[in-house]
Amino acid sequence: MTALDEIKIGGLGASRRRVEDARFVRGRGNYTDDIVLPGMLHMEILRSPLAHARITSIDTSRAWEIPGVRLVLTGEMMAQRNLAWMPTLSYDTQAVLATDKVRFQGQEVCVVVADDPYIAKDGCDAIVVEYEPLTPVVNPLQSRAADAPLIRDDKEGQVDNTCYRWEVGDRAATERAFAQADVVSRMQLHYPRSHPSPIECCGSIADFDPATQKLTVYMTTQAPHIIRAAVALVAELPEHMIRIVSPDIGGGFGNKVPVYPGYVASILASILLGRPVKWIEDRTGNLASTGFGRDMYLAAEMALRSDGRILAVRMHADTDQGAFFADAQPTKFKIGLLHSAFACYDIGTGHITAQGHYTNKAPGGVAYRCSFRVTEAMFFQERMMQAAAVDLGMDQAEFRRINLLRDDAFPARTPFGFLVDSGQYGKCLRLGLDAIGYEQFLVDQAEARTRGRRLGIGISTMTEPLGAGNSREYDILGIKMFDSAELRVHMTGKAILRVGAKSQGQGHETTWGQIVAHELGIPAADVIVEEGDTDTAPFGMGTYASRSTPVAGAAISMVARKVRAKARKLAAHLLECSEEDVEWELGRLYVRGAPHRGATIQECAMAAYSNMPDGMEPGLENVAYYDPPNLTWPFACYIATVEVDPETGVWDVLRFVAVDDCGVRINPMVVEGQIMGGLTEAYAMSSMQFQTYDAEGNMVGSNYMDYLLPTAWETPGFELHEVVTPCPHHPIGAKGVGECAAVGGPAAFVNAVHDALSDTGVRNIDMPLLPDRVWQALQDGRDVS
Ligand code: MCN
Ligand code: CUN
């Protein structure tokens, strides 16, 4: 008998079709809003129309009079139960329902629970809130002004609008390096506020059963176990009486990591009413109040030697955090901040300082397809790389090539504290340049310029730390960051795999089965994957920061190997030989020296229930918790070519080449889908998307007329290539990939447009590169921010 063909059984490397799509394309998904429970009530949120105001009175009496209204909750009622404020990831507090002031437009003020959502909305309309307007603060500049109003006057000891300060790197060494520089290159940028905008908004159904005292919550969360822990610890409910279920999720992109007031209010409402309470957020609620990414200002300098080597970087970031600090805590989650900047380059030394500012906006910097601030780190890095090449008068590809970490440099310690363990950066860059036809493009570009046409080429090379984390360095609310998998092989060799991660569209039901197929030879189609139910799945930290493959994926390998170890004992029994003489090939165990004498994994499974050796515990199942030794370090090289129309400022993407090295690919098709999705978001951010606020703190971009999502029509085509450098510590050599393209992509587009303007003196146009901004820059020959 020959070994199984791994691709045929849907193992590692198979572009297996996504099994979850069978229900999604038939409209048979089970999203939170599809769930209808007997006796279910509906909740709506009354939001603040003002960005900054003191609440002088709330009159809910008219709402209570509306037939069908069952409950009206105010901040005061939450406060009576100690639930008016909740902790954030960064140990700040966030208002659940406002008690004293409103601090951003769209903030949650009251909720109404009623027989249907329309009555609940009417109830919200009937509430009268009187506000005493306060001066709104809409950017860090206003926030740190001496006469700025104190936004967080609820916090003891808070004297100004600073929410954090931190620094990393070696200040003294950086200063010495700058003193020796031949050239100092400078850059100032703003990465605008943007929104993950999943197609499904957030929502929850809380179902507290007064008879059993059990609380079940169906909700759109990327991390159900953390929610259970938070409810147990914060609301002091017994953990075994809380069940969190994440059903199908219509996109997360980071938007569904935080805990939102709607979840908390629906839980309290259900406990008070003893009936299920459903809250489904509307689009404006989602766009105006939940999980914003970015909003960071950067001033940076690079010390350069005239031969093109980078001696040091110095950066200062001012971040606009909004009214509540819900971003990562640098001491707890340093991958989430700028620490990963320049990790792929050999830069000697560097120093970063950052200051966070409270403003009258919804919490910002939360996460949008990035590990918090990694996107900004990579964008700033790659914009600075291009500016430095221009200042040195060097070819931008060559400048990158000589500064990238060389293959023999690994493991390499970065100036901001990481250990980068593997990569073939030079090879990725060369592959990308060859694919786009770099040298020929430069010729064509020069020739086109003589005829008044503006072509540009932009490169972005980056590595991103993915897979938080190792428990030495990463925790959430004190819980160490690991992940888990539980595998149960039934007697006929079919299996169920339960995982602590939670897919929001990434295809886990497809790819996790492939890891089992690879480790055990059980066809992927014979493995059912279940995620998202805390009553059944082992404790895991959820899906974000592209951690599922690095951490949960590793746990799946490890649990399958435990099962294989038991199968080996069973095979020894079946084959009547000693365990040491049993050899493994995919899906089969056989006697060393007598390969025809073997037992398949399915035969071993049957034996585990029907014919186990004396003294052996029946069954074939196990659980594994995996604590990774390091992060994984995927690498990417993205190259865009564009043409800018000088008459209109419109720019078109001519070609886009992506070279991704995410280690071993479990499912190449799923990986390509991830990369294309990320590049689409990168294109959206660089060309059309931002969410801004007017001077009054009114949000511009709270609907899809103002906040643009690219369709297939405007999205350029992407040409994908791969390099495989296996992760040295991951059981199957895989690295994370889910965010890479969204993180590294924007700089490629933006650099390309700037390259097309390289003779104009324009150094920086802030994203999004709307045609009017590009046109203005061309007219004036000046930067546009
Ligand atoms: N994969 C693979 N081989 C690898 C790496 C990954 O086959 N070497 C597969 C994985 O098995 C998985 C997918 O690619 O099916 C993504 O894996 P991974 O990089 O581990 O990322 P996560 O599963 O942890 O997903 C999180 C990541 C993040 S943080 C955001 S934000 C994001 C993203 O995924 N949100 C998404 N991609 C998304 N895709 C969809 N459709 N919807 C979202 O909300
Ligand atoms: Cu950062 S957005 Mo994803 O980590 O869920």
Theoretical gain in end-to-end length, residue 652 to residue 703 [0.36 nm per residue, Cα-Cα removed] | 15.8 nm
Normalised by the number of residues in the chain, what is the relative contact order in percent for Cα pairs under 8 Å and 6+ residues apart?
-> 16 percent
The simple spin-label model distance between residue 562 and residue 22, using points 7 Å out along Cα→Cβ, in nm, is 2.8 nm
With a point put 7 Å past each Cα toward its Cβ, work out how far residue 592 is from residue 61 in nm, to one decimal.
-> 8.8 nm
Could you state the accessible area per residue of the stretch 69-153 in Å², with a 1.4 Å probe and every protein chain left in place?
-> 42 Å²
Under the classification rounded if a/c is under 1.5, otherwise prolate if a/b is larger than b/c and oblate if not, where does the stretch 456-538 fall, given a ≥ b ≥ c as square roots of the Cα gyration tensor eigenvalues?
-> oblate
Kindly state, to the nearest 0.05, the FRET efficiency for residue 669 paired with residue 407, given R0 = 30 Å and r defined as their beta-carbon distance.
-> 0.60
Sort 427, 8 by accessible area with a 1.4 Å probe, largest first.
-> 8, 427
Computed FRET value (nearest 0.05) for residue 759 with residue 440, which takes r as the C-beta separation and R₀ as 22 Å | 0.60
So for the stretch 1-156, using the alpha carbon gyration tensor with a ≥ b ≥ c as root eigenvalues (a/c under 1.5 gives rounded; past that, a/b versus b/c decides prolate or oblate), I'd call it oblate
If amide H atoms are modeled at 1.01 Å from N in the peptide plane, then the residues at a separation of 5 or more from residue 650, or on another chain, having amide H under 5 Å from its own are 645
Whole number in Å², please: accessible area per residue of the stretch 680-783, 1.4 Å probe, ligands, DNA and RNA not counted.
-> 37 Å²
Given a 1.4 Å probe, how much area per residue of the stretch 550-612 is accessible, in Å²?
-> 41 Å²
For the stretch 575-615, Rg(Cα) over 2.2 N^0.38 Å is 1.14
The stretch 186-193 - phi-based ³J(HN,Hα) in whole Hz, Karplus 6.51/-1.76/1.60, Gly and Pro as x | 10, 8, 10, 8, 10, 9, x, 5
For the stretch 672-751 and the stretch 500-537, what is the separation of their C-alpha centers, rounded to whole Å?
-> 26 Å
Would you kindly give the portion of the calculated P(r) for the stretch 496-588 that falls above 15 Å, as a percent of all Cα pairs?
-> 61 percent
What is the percent of Cα-Cα separations in the stretch 698-785 that go past 19 Å?
-> 61 percent
Taking a 26 Å limit on the Cα-Cα distance, which of the listed pairs 214/361; 480/562; 480/502; 278/502; 427/502 fall beyond it?
-> 214/361; 427/502
Between the modelled labels at residue 171 and residue 309 (7 Å from Cα along Cα→Cβ) the distance in nm is 2.7 nm
Cα centroids of the stretch 96-134 and the stretch 211-248: how far apart, whole angstrom?
-> 25 Å
Mind listing the phi-derived Karplus ³J(HN,Hα) values for the stretch 325-331, rounded to whole Hz, using 6.51, -1.76 and 1.60 with θ = phi - 60°, and x for any glycine or proline?
-> 8, 10, 6, 6, 9, x, 6
Cα pairs beyond 16 Å in the stretch 69-119, in percent, come to 47 percent
If a/c stays under 1.5 just call it rounded; otherwise compare a/b with b/c (prolate if a/b is bigger, oblate if not). Do that for the chain, with a ≥ b ≥ c from the square roots of the Cα gyration tensor eigenvalues.
-> oblate
Counting only protein chains, not ligands or nucleic acids, how are 625, 358, 31 ordered by accessible area (probe 1.4 Å), most first?
-> 625, 31, 358
Span from the the stretch 626-646 Cα centroid across to the the stretch 346-403 one, whole angstrom | 13 Å
When the accessible area of the chain is split by element with a 1.4 Å probe, what percent falls to carbon and sulfur?
-> 52 percent
Do the sum for the chain: with -39,500 (n - 2.57) for every DSSP H run of n ≥ 4, divided by all residues, what is the mean residue ellipticity at 222 nm, to the nearest 500 deg cm²/dmol?
-> -8000 deg cm²/dmol
The stretch 641-651 - phi-based ³J(HN,Hα) in whole Hz, Karplus 6.51/-1.76/1.60, Gly and Pro as x | 10, 9, 10, 9, 8, x, 6, 10, x, 6, 10
Ignoring ligands and nucleic acids, residue 494 exposes an accessible area, probe 1.4 Å, in Å² to the nearest 10, of 90 Å²
Computed E for residue 496/residue 450 - FRET, C-beta separation, R0 56 angstrom, nearest 0.05 | 0.25
For the stretch 642-736, what is the relative contact order in percent, using Cα pairs closer than 8 Å and at least 6 residues apart in sequence?
-> 42 percent
Counting only C-alpha contacts under 8 Å and six or more residues apart, can you give the relative contact order of the stretch 135-216 as a whole percent?
-> 13 percent
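The values are calculated or read from the model by the stated rules, or taken from the named source; none is laboratory data. Bear in mind that the values here come from a model prediction, so they are computed numbers and not experimental data. Glycine gets a Cβ as well: all are built from the backbone with ideal geometry, and neighbour counts include every protein chain shown. The protein model used for the area step is the full one, side chains on, heavy atoms only, and it has no ligands, DNA or RNA in it. Shrake-Rupley method; radii C 1.70, N 1.55, O 1.52, S 1.80 Å.
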